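So the structure is just underneath, and the comments pick up after that.
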Amino acid sequence: MEKRKERNLLPEKNLPAPATPGVPPQPAENLLPVIAFALVFMTALVFWQVGSCGFINFDDGLYVTENSHVRQGITRSGLIWAFTTGHASNWHPLTWISHMVDVQLFGLRPTWHHLMNLLFHIANTVLLFFILHRMTKAIWQSAFVAALFALHPLHVESVAWVAERKDVLSAFFFMLTIGAYSLYVEERNFRRYALLLLFFILGLLAKPMVVTLPFVLLLLDYWPLGRFEQSPPGEGPVLRWTVIRPLLVEKVPLFVLAALSCVVTCLVQHHTGAMRTMEILPLGARLSNALVSYAAYMGKMVWPINLAVFYPHPMWWPLWKVIMGAAVLLLFTVLVVRAGRKHPYVLVGWLWYVGTLIPVIGIVQVGSQAMADRYTYIPLVGLFIIVAWGISELLKNLPRQRETLAALSALCLVCLFLLTWRQVSYWHNDITLYTHTLAVTDRNCIIYMNRGVAYGTAGNYRAAIKDITRAIEIDPKIASLYLNLGVAYNGLNDYARGVEAFTKAIEIDQRYAAAYRNRAIAYSVLGDHVKAITDFTKAIEIDPEFAVVYDNRGAVYGAMNDHARAITDFTKAIEIDPEFAAAYRNRAIAYRAMGDHARAIADFSKAIEVDPRYAAAYHNRAVAYRAMGDHARATADFARAAQLDPQFAVHHGANTAGRKYIP
């Protein structure tokens, strides 16, 4: 590739020109480190509450807490899985690896997982500032865009939600790719092009939404990089094919990579059933939702209140909302076209916003949400650019322009800071988040279910049943509602009703492995081991990698005194999830029942190694030590079990607890 220098051909008239080599920098340039530090400080401060937030039951289990591959940290098998799985209806291996790194370094302590998201958000903010400044030489406009990006409440979801690591991680490489591209434009050579290709690939491996990046780079060619042909004074660049063609050709590798990512993503989402068909959601409903969503995101940018973690899709919006959305989109497009020639940043910002939202605007519908705050993480940068440069342009003739701009900017940022601080507080735990969401949305079936699950996890099964029943009233055709209703009934020891609820879930979705598993648990408690084994086996047939089902079936085999089959199932569970402490303990109990105390002690010890606070494993190992005549070790383990869980103090000499499986 030819090596050459290419300068910015289109500096803003009202901004200082790039510094000339050998000439001391403008005084404002000396403020770059100070501004960067200020951005870091205020971003860390407004989001610092995330350090006290926990995991939530909305996808955090899918991505981290209940993901057997991620829970093992960095392993060879985990890395292979990351590149070959379509888990969570996405192919984003780098996101999986980032979660594995977190577990490797911090375990399952939510504080550090949240702080890593915050660290990426801070990095993205600083990168955005430096990259915009490098391309435009406009220090204050660049700083304001970065501050809006850092503090806007719409970005809370991407930062405070552990499962949305993919947002902040892909944006990190999105920013790095733009930075590498600006370096390449200054001096075009193979090394710099290879660097931007690398960053783009890493971004695609984190989240396929960055497929729009080649389009963004083309916009940046127009402004501020000025790679289009110079036009008469006072007008923007002229669009000529002879100028555009080489810019397109140089981006062919990027467009090819983006196309490949789109194909892989569509295949994965189609295979996992996440992509809604036209029979379920017609094209007209999708287009209507897209028009409403474009306008709604703009409204939330200006007035960011009543934000929610989930906005239910209405299927068909009221006609007046669709017309209003279309009118807003058309009006802004007309204004942008009229202003774009003289103020190219307006055209670039608008097309950045519209273009980068296309993958998630709902034309290709994945999931049941109408829109999502997290989808605006990158697109809003376009609107922020229009605001930062546009306000400066509008107020340029004021007598005290600098003071007025500073006051307005400060007021805006203070308001955003306070709103974001409040929005982050809702993410403290499941209950606070879902209660707020239900207060600002209507007929939110998914969130009623999630809050019900959270109540159930906390042991408040009656509140769980109330919320899940309300969700069923809203939409009685969702199988997972009946699954969770059954789990709540099981929690109240009402296993007969639990079986009824699980059976209803299976009627709706005959390949619902979790429903078969939970109905099997209810059958086993009711003493019907044959039906329990049948349902566990069906769950395994549907999902052969469902580790906990092998452990559950092994426990039932053990209760039937079929210890050989029990050991086979526990071993399979451990093969799938080598960090499955309960499976080691249960296999140890089976070995002990067969008289193999040495293997039993080895497995009890492994369970304790995986979970050093596993009181039952200490107690069981103590029983095994005592059976082998090792009373000193038995006494030590009995004492440790009682220290961890006082209920084991009463079993100090008992033998019964050592034979109990945990299904």
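We did not get these values from a lab; they are worked out from the coordinates using the rules stated. Note that this is a predicted model, so its numbers are computed, not measured. Positions of Cβ are backbone-derived with ideal geometry, glycine not excepted, and every protein chain shown enters the neighbour counts.
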Projected onto the charge dipole of the chain (unit charges on the beta-carbon of Lys, Arg, Asp and Glu, signs +1, +1, -1, -1), the Cα from Trp303, Ala146, Phe120 with the largest positive-side position is that of Ala146
If every Lys and Arg gets +1 and every Asp and Glu gets -1 at its Cβ, then about the Cα centre region 132-274 yields a dipole, in debye to the nearest 20, of 280 debye
Lys531 versus Glu500, label points 7 Å from Cα toward the beta carbon: distance in nm?
1.4 nm
Calculated FRET efficiency, Thr333 and Asp509, Cβ-Cβ r, R0 30 Å, to nearest 0.05?
0.10
Given labels modelled 7 Å from the Cα in the Cβ direction, how far is it in nm from Glu29 to Val440?
4.3 nm
In terms of the Cα gyration tensor, with a ≥ b ≥ c the square roots of its eigenvalues, is region 31-427 rounded because a/c is under 1.5, prolate because a/b exceeds b/c, or oblate?
rounded
Divide, for the chain, the radius of gyration over alpha carbons by 2.2 N^0.38 Å, where N is the residue count.
1.12
Signed unit charges on C-beta, dipole axis of the chain, positive-most listed residue Phe58, Trp427, Val264
Val264
Would you work out which of Met100, Ser288, Ala532 lies farthest towards the positive end of the dipole of the chain, given +1 charges on the beta-carbon of Lys and Arg and -1 on that of Asp and Glu, about the Cα centre?
Ser288
Specify the angular offset, from 0 to 90 degrees and rounded to the nearest 10, of the alpha carbon long axis of helix 380-394 from the longest principal axis of the alpha carbons in the chain.
30 degrees
For Asp475 and Met315 in the same chain, what is the full-extension length gain: residue separation times 0.36 nm, less their Cα-Cα distance, in nm?
56.3 nm
Measuring from its Cα centre, the chain shows a charge dipole (+1 at each Lys and Arg Cβ, -1 at each Asp and Glu Cβ) which, in debye to the nearest 20, is 880 debye
Is the C-alpha gyration tensor of region 199-354 telling us rounded, prolate or oblate? Criteria: a/c under 1.5 is rounded; beyond that, a/b larger than b/c is prolate, otherwise oblate.
oblate
Expected 222 nm ellipticity per residue - DSSP helices of 4 or more, -39500 (n - 2.57), all of the chain, to 500
-21500 deg cm²/dmol
Of the listed pairs Lys538/Lys572; Lys137/Lys396; Lys477/Lys531, which have alpha-carbon separations greater than 21 Å here?
Lys477/Lys531
Go through region 65-170 and name the GluC sites (Glu not before Pro) that are in a DSSP coil and have 14 or fewer other Cβ atoms within 10 Å of their Cβ.
Glu66
So the angle from the long Cα axis of helix 213-222 to the longest Cα principal axis of the chain, reported in degrees to the nearest 10, equals 10 degrees
Evaluate E = 1/(1 + (r/R0)^6) for Leu248 and Glu609, where r is the Cβ-Cβ distance and R0 equals 56 Å; express this FRET efficiency to the nearest 0.05.
0.45
What does the highest-first list of 277-286, 41-50 look like by mean Cβ count within 10 Å?
41-50, 277-286
Sorting check: for 298-311, 169-182, 528-541, 618-631, which peptide has the highest mean count of neighbouring beta carbons within 10 Å, and how do the rest follow?
169-182, 618-631, 528-541, 298-311
Mind listing the phi-derived Karplus ³J(HN,Hα) values for region 510-526, rounded to whole Hz, using 6.51, -1.76 and 1.60 with θ = phi - 60°, and x for any glycine or proline?
6, 10, 8, 4, 5, 5, 4, 4, 6, 5, 5, 4, 4, 4, 5, 5, 6
Plugging the Cβ-Cβ distance of Glu545 and Ile358 into 1/(1 + (r/R0)^6) at R0 = 30 Å yields, to the nearest 0.05, a FRET efficiency of 0.30
Anchor Lys606: aspartates and glutamates whose Cα lies under 18 Å away (excluding residues fewer than 8 positions away in-chain)
Asp551, Asp569, Glu575, Asp577, Glu579, Asp596, Asp637
Rounded to the nearest 20 debye, what is the charge dipole size of region 370-507 about its Cα centre when +1 sits on each Lys and Arg Cβ and -1 on each Asp and Glu Cβ?
300 debye
Counting pairs of alpha carbon atoms under 8 Å apart in space and at least six apart in sequence, what relative contact order in percent does the chain give?
11 percent
